[in-house]
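These notes are about the structure you will find just below.
The values are calculated or read from the model by the stated rules, or taken from the named source; none is laboratory data. This structure is a prediction, so every number in the text was calculated from the model and none was measured. Ideal geometry is used to build each Cβ from the backbone, glycine not excepted, and the neighbour counts take in all protein chains shown. Just the protein is used for accessible areas: all its heavy atoms, side chains included, with ligands, DNA and RNA removed. Shrake-Rupley method; radii C 1.70, N 1.55, O 1.52, S 1.80 Å.
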Amino acid sequence: MAAMMTGLLVAPVSAAKMHSGNHRAEATLQKETKAQKDARMEWWREARLGMFIHWGLYSIPAGEYNGHTGYGEWIREEAHIPVNEYEKYRDEFNPVKFDADAWVKMAKDAGMKYITITTKHHDGFNLFDSPLTDWNIGHTPFKRDIMAEMAAACKKYGVKMCFYHSIMDWHHPDYLPRRSWEAKDRPADGADFDRFVKYLHDEVSWILTHYGPIGVVWFDGEWESTWSDKYGKPLYDLCRQLQPNVIVNNRVSVSRGGSMSSDGNDQEVGDFSTPEQTIPATGLPGVDWETCMTMNGHWGYNAHDASWKSSEVLIHNIVDIASKGGNYLLNVGPRSDGTFPPEAVDRLKAIGEFMNRSGEGIYDTQASSFETLPWGRSTTKRLGKTTKLYLHVFDWPKNGKLLVPGIGNKPLGAHVMGHEGMEVAKRSGGDIVVTVPKDMPYPYCTTVELWIDGAPTIYRAPKISAMADQLVTSVSATIAVPEGLAVHYTLDGSEPTASSPKYSSSIAISKSSTLRAASFTGTKRVSTVVEKKFEKVDPWPPQVVADGQQGLKLDEYSGTWDTLPDWSKLTPTRSTTTTTIDSLPNENFGRRYRGLIVAGVTDVYTFSLNSDDGSRLWIDGKLVVDNDGLHGAVTKMGSAPLAKGAHKIEIGWFNQTGGAALDLKWGRVGHALHTPTVQELVFERL
């Protein structure tokens, strides 16, 4: 294979050097049974905690370029660095302090069971000595094959070696689409995306045949328009054909699957889901998933980023994710000399101390048997006819009595992990109470091991739902009743008893109230008490419109932001009017909409704001929906009590890179939401 990289020559590679040719995925894998899938996923499901490593040429500028200091591994794209200028970093990359043994041992000591490291990020540079291109580690002053040394260290310490490999490639001459800002200096003439796909397959073949057994191949960058479902399945199949036991994440394909489809749907592929920088509120039931997250604000090393998450936050995240049945892939961005930042080292040490003490309550556990717990989280482990509940306590009980609510099982014993002696566990009504030391034995999180008889019998608390917690005239509340139980409620804030009204249908609320409810078996309360407060409010008065015209004022801006800027300090690149609220697929771009929205009747109105990246909605100068920050397409809701008539509306939105989206819907509480009509949007002519 021979091709010309921009400024770099790709050397021919013989079939012998590739061992068995290109290893292209020509045949479809045979369907995998559930038992076979479970066996392949077993180690990963047990592991719960892994280390992500983002390392490459971008560690050299350390987040800074032309006086700006907010960059990371996307620096070439975000700072618009020409490819021939970026290539100079290759000649500077010489991480003489790199020690694979030290890296892997730090992960091991932190309780991490696997390491996922960037073989190639979006800049296309290989941290392995690829024969397919000289845009790799072998052509730096360092020369040593990072992946070979990492694989050897992982084998030594019993840590699973895993690879992150980007589909997106800003360097390869056949990768499309080109970045819009480099079209003049690096035109796409002659580029052949299918030829790039062959290169991608050859690279993946190399890393899966030269470094021993690989636990996971973690793909990324599949969201651009050129990658499609027709490429995802063959790439997945290639990995599984080369290493049948390898696990592949769902970013291998545009139609991301949480796991391989049981019905044989070829579009949804991938063995686990990959929420990024977020922990799903209730996990992803029925799906294998792994939250990947940075320790500070960047994946790649940024010398100026001081926004480090505390050890307490990171430990709580480990527990929270395990309690929801997921894995935690925690990132380190090494420095260009080959060392971990000291802040990361300190946090890994704290995590290791926790995992050494409480790891049994994290590894090989199932999600919590409880929906919520007032003091922390819980994980579960079935052991024949008994069950261990690991009670991970964040907020230690001041009275020394740890209440485990709404559980019907007989307690068999309890123990504070890492602490000598046994604790007393007794039933108290529908709860279990564990007597624990008065003072919290360990910082951040102390784990109490509770043995119970049989499978957990949990009495679920009811769930209160309402379209809004504010009312102008009235609002209806409903209560979800757990199966096999009854629910009693009060509206005056008092604790419900068996004598309180029994819930049977929706409750009309016409004044400020506190609705409290609990589950009962007969006359005994067996769940925690849940509550929701409702406030009767005066509607916000309408605005007087002197001379209105349909639509909104629209200002557009150029800039790179992580959050919404202060528009008043910026000069628009364009100002116009519009009758629609939407996005443009521009990068480093923002919009500000201003005008009035007309409420047809006096009532509480619900607003739904979807955006990628950040957005905010103000009504009458009050923040109603906050959807700010860097993220994919996310929808957030808010409500406002509006009198009939016109009300000031402002929407701010920005997109940094990647996909772009903006959509607003609204409607009266209890009614379907809709996109604002032309008649509902007005701006004043001045």
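Each residue in region 470-481 was checked for being closer than 16 Å to Ala517 by Cα and modelled with pLDDT under 95, and 1 pass. Here Phe607 meets the list (1) open to solvent by 10 Å² or more (accessible area, probe 1.4 Å); (2) farther than 18 Å from Gln277 by Cβ; (3) not in a loop (DSSP other than H, G, I, E, B) almost entirely, failing just condition (1). Is there a residue in region 64-71 that is at pLDDT 95 or above, open to solvent by less than 20 Å² (accessible area, probe 1.4 Å) and not in a helix (DSSP H, G or I)? No, every residue in region 64-71 fails to be at pLDDT 95 or above, open to solvent by less than 20 Å² (accessible area, probe 1.4 Å) and not in a helix (DSSP H, G or I). Taken over region 275-303, the residue count meeting the criterion of being surrounded by fewer than 18 Cβ atoms within 10 Å (Cβ to Cβ) and among the charged types (D, E, K, R) is 1. Checked against (1) more than 26 Å from Phe272 (Cα to Cα); (2) part of a loop (DSSP other than H, G, I, E, B); (3) out of contact with any helix residue (DSSP H, G or I) (no Cβ under 6 Å at 6 or more places or on another chain), Glu312 meets all criteria but (2). Restricted to region 42-57, and to residues that are under 21 Å from the mean Cα position of the chain (by Cα) and either part of a helix (DSSP H, G or I) or without any contact (Cβ under 8 Å) to a residue 24 or more places away in the chain (or both), which residue is surrounded by the fewest Cβ atoms within 10 Å (Cβ to Cβ)? Result: Glu46.
Against the condition on the phi < 0 side of the Ramachandran plot and in contact with a Pro (Cβ under 7 Å, 6 or more places away or on another chain), how does Leu642 come out, does it pass? Taking the combined requirement at face value, the residue satisfies it. Scanning region 622-665 for residues that are touching a helix residue (DSSP H, G or I) at 6+ places or on another chain (Cβ under 7 Å) and assigned to a strand (DSSP E or B) turns up just one, Gly652.
Answer with yes or no whether Cys292 is within 18 Å of Met41 (Cβ to Cβ), of a type outside the set (Ser, Thr, Tyr) and either assigned to a helix (DSSP H, G or I) or modelled with pLDDT under 95 (or both). Spelling it out, it is not the case that Cys292 is within 18 Å of Met41 (Cβ to Cβ), of a type outside the set (Ser, Thr, Tyr) and either assigned to a helix (DSSP H, G or I) or modelled with pLDDT under 95 (or both). Taking the listed residues Tyr211, Tyr231, the one that is in a helix (DSSP H, G or I), open to solvent by 10 Å² or more (accessible area, probe 1.4 Å) and in contact with a helix residue (DSSP H, G or I) (Cβ under 8 Å, 6 or more places away or on another chain) is Tyr231, with no other qualifying. From the set of residues in region 244-270 that are at pLDDT 80 or above and more than 16 Å from Lys230 (Cα to Cα), which is most open to solvent (accessible area, probe 1.4 Å)? Residue satisfying both the conditions and the ranking: Asn245. Of all residues assigned to region 380-400, at least one qualifies as being open to solvent by less than 80 Å² (accessible area, probe 1.4 Å), among the small types (Gly, Ala, Ser), assigned to a loop (DSSP other than H, G, I, E, B) and touching a residue at least 24 places away in the same chain (Cβ under 8 Å).
Selection within region 107-130: residues that are touching a Phe, Trp or Tyr at 6+ places or on another chain (Cβ under 7 Å) and assigned to a loop (DSSP other than H, G, I, E, B). The member of this set that is surrounded by the most Cβ atoms within 10 Å (Cβ to Cβ) is Phe125.
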